[in-house]
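S.K.: First, the structure itself, so that you have it in front of you.
What follows draws every value from the coordinates through simple rules; no lab data is involved. What you see is a predicted model; the values in this text were computed from it and never measured. When we count neighbours, we look across all protein chains shown, and the Cβ atoms used for this are built from the backbone with ideal geometry, even at glycine.
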Amino acid sequence: MFDTLLRNLNIATMADTGTAYGTIMDGAIGIKDGRLVFVGRQADLPSDARTSDERDCEGMWALPGFIDCHTHIVFGGNRAREFEERLNGVSYEEIARRGGGILSTVTNTRNASEAELTTSAAKRLRQLAAGGVTTVEIKSGYGLTLEDELKMLRAAKAAAKEVGLKVQTTFLGAHALPPEYHDDRDGYISHVCDVMIPAAANEGLADAVDAFCEGIAFSPDQTARVFEAAKAHGIKMKLHADQLSDLGGGGLAARHQALSADHLEYASAESVKAMAKEGTVAVLLPGAFYVLQESKRPPVEMMRAEGVHMALATDANPGSSPVLSIQLMLHMGCTLFGLTPEEALKGITINGARALDILHDRGTLEVGKCADILLFDISEPAELAYFVGGVPPHKIISFNR
Ligand code: DI6
Ligand code: FE
């Protein structure tokens, strides 16, 4: 009755059961047709349980496959040279004047073929996957022309397929102003809304739409236009909100029923309350906070008190977060943002799934969901957040379809 039966393991189901980590000690997991059909105590296995593939897991811990719900992992080139120059005393301004920074990534992404983007992204995805990521969200946003944005989204899907990951793609045309538009931000947003979003929707290339709502990027009004266009095409919404200043981005995302608002270092009490009310997930990104050497932490205590679901992600990108380890984010979520290890782990499982609207299928080990399982040789789940950089999974059993 089971294709595979995993015995003799402890299970951190990560489900909201009221028990820490949703733990089941001395558990067993039954898999049939790639789905979980039994998750419980070994003692509760049906007496007629049969399988031709029974595996003794020797007391290891099982967790749901990790979800990295915010990445920009498809990009041309990288900015290691700039990093090096900065540490040799060259100023940001000088680098920007030479066309460096985000614009250098735009140039390199435009110059790369879809195949080249796929290959370089797949290489980085393999590193993420080695840390236990089985589902990844990938944004566009370095093409900034219709053709180059769609190229990025296709590369995202191809790279994830090559590595065997489940992928959710997000159209982030409103990431930066392309040089062609000079200072015409409203003109570019019109192009995003009238041309790019419809095209991404028609080609089935975007599960969600995102925007960078910030003084240096797009205003709340421009963001609202992007959201209206997304809604008109039945596409979900996410938002880069309140990362460097408080523009009320968290509240804006909540009012539009966005899945998540991400970053949130400067989010106001009003925004946090609105997010709690609408069930908007707060996606916390300690990698960018660390690399940018920020000092203002997101209002985690308030989010906790208000009952906002908190997710954690790498924000993998060539500028503010060259991070390819989700488990490092567990540690940094705890040390930099004050999450508990359990909250941090929820951030890359159940709440990562909420941030992508895939909780029906992922994010916890519960009957009916995809058999997407990590086995760790650890003595308790907190070890994963405690070790800086985490613990490599002993085995990954994932039916990604
Ligand atoms: N927020 C960020 O920190 C990055 N993008 C964004 O929306 C920066 C991306 C880059 O520098 O390449
Ligand atoms: Fe980001």
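S.K.: Can you tell me how much longer the chain between GLU116 and VAL367 gets when fully stretched, taken as 0.36 nm per residue apart minus their C-alpha distance, in nm with one decimal?
M.R.: The span from GLU116 to VAL367 would gain 86.4 nm if fully extended.
S.K.: Nearest-5 percent of antiparallel DSSP beta bridges in the chain?
M.R.: 40 percent
S.K.: So how do ASP246, ASP183 line up by other beta-carbon neighbours within 10 Å, fewest first? Numbers along the way, then the final one.
M.R.: Details: ASP246 17, ASP183 8.
With the sparsest Cβ surroundings first, the list reads ASP183, ASP246.
S.K.: Determine the gain in length on full extension of the stretch ASN88-LYS161; use 0.36 nm per residue of separation and subtract their C-alpha separation, reporting nm with one decimal.
M.R.: 22.4 nm
S.K.: Order these by the 10 Å Cβ neighbour count, fewest first: MET196, MET302, MET1.
M.R.: Numbers: MET196 26, MET302 16, MET1 12.
Ordered by Cβ neighbours within 10 Å, fewest first: MET1, MET302, MET196.
S.K.: Calculate the FRET efficiency for MET25 and ALA305 from the Cβ-Cβ distance with a Förster distance of 35 Å, rounded to the nearest 0.05.
M.R.: 0.70
S.K.: Taking 0.36 nm per intervening residue step and subtracting the Cα-Cα distance, what contour gain separates GLU54 from LYS296 on full extension?
M.R.: Separation in residues times 0.36 nm, less the Cα-Cα distance, equals 82.1 nm.
S.K.: Apply the Karplus parameterisation 6.51 cos²θ - 1.76 cosθ + 1.60, with θ equal to phi minus 60°, to every residue of region 2-11 and state each ³J(HN,Hα) to the nearest whole Hz, in sequence, with x for glycine and proline.
M.R.: So the Karplus estimates, Gly and Pro as x, are 10, 5, 9, 10, 9, 10, 6, 9, 9, 10 Hz.
S.K.: Then there's this: Through the Karplus equation 6.51 cos²θ - 1.76 cosθ + 1.60, θ set to phi - 60°, convert the phi angles of region 350-355 into ³J(HN,Hα) values in whole Hz; use x for Gly and Pro.
M.R.: 4, 7, x, 5, 4, 5
S.K.: Can you pull out the trypsin sites (Lys or Arg not before Pro) in region 61-107 that DSSP calls coil and that have at most 13 other Cβ atoms within 10 Å?
M.R.: Hits after loop and neighbour filter: ARG98.
S.K.: Let me ask something else about it. Ranked by Cβ crowding within 10 angstrom, fewest neighbours first, how are ASP48, ASP148 ordered?
M.R.: By the 10 Å Cβ count, ascending, the order reads ASP48, ASP148.
S.K.: Which of LEU36, LEU292, LEU365 ends up with the largest GNM mean-square fluctuation for the chain, with Cα atoms connected below 10 Å?
M.R.: Highest fluctuation of the listed residues: LEU292.
S.K.: Here is a further query. Rounded to the nearest Å, what's the spacing between the alpha carbon centres of region 11-80 and region 327-385? Just the number, please.
M.R.: A separation of 11 Å, based on Cα centres.
S.K.: Which pairs break 23 Å Cα to Cα here: LYS32/LYS157; LYS139/LYS369; LYS166/LYS236; LYS123/LYS151? Don't skip to the end; give the middle numbers.
M.R.: On the way: LYS32/LYS157 27 Å; LYS139/LYS369 25 Å; LYS166/LYS236 18 Å; LYS123/LYS151 18 Å.
Beyond 23 Å between Cα atoms: LYS32/LYS157; LYS139/LYS369.
S.K.: Choose one of GLY65, ALA112, ILE24: the residue whose Cα lies farthest towards the positive end of the charge dipole of region 20-170 (beta-carbon charges +1 Lys, Arg; -1 Asp, Glu; about the Cα centre).
M.R.: Toward the positive end, the furthest listed residue is ALA112.
S.K.: Separate question: Taking the Cα-to-Cβ direction at ARG97 and at THR340 and moving 7 Å from each Cα, how far apart do the two end points lie in nm?
M.R.: The modelled label-to-label distance comes out at 5.2 nm.
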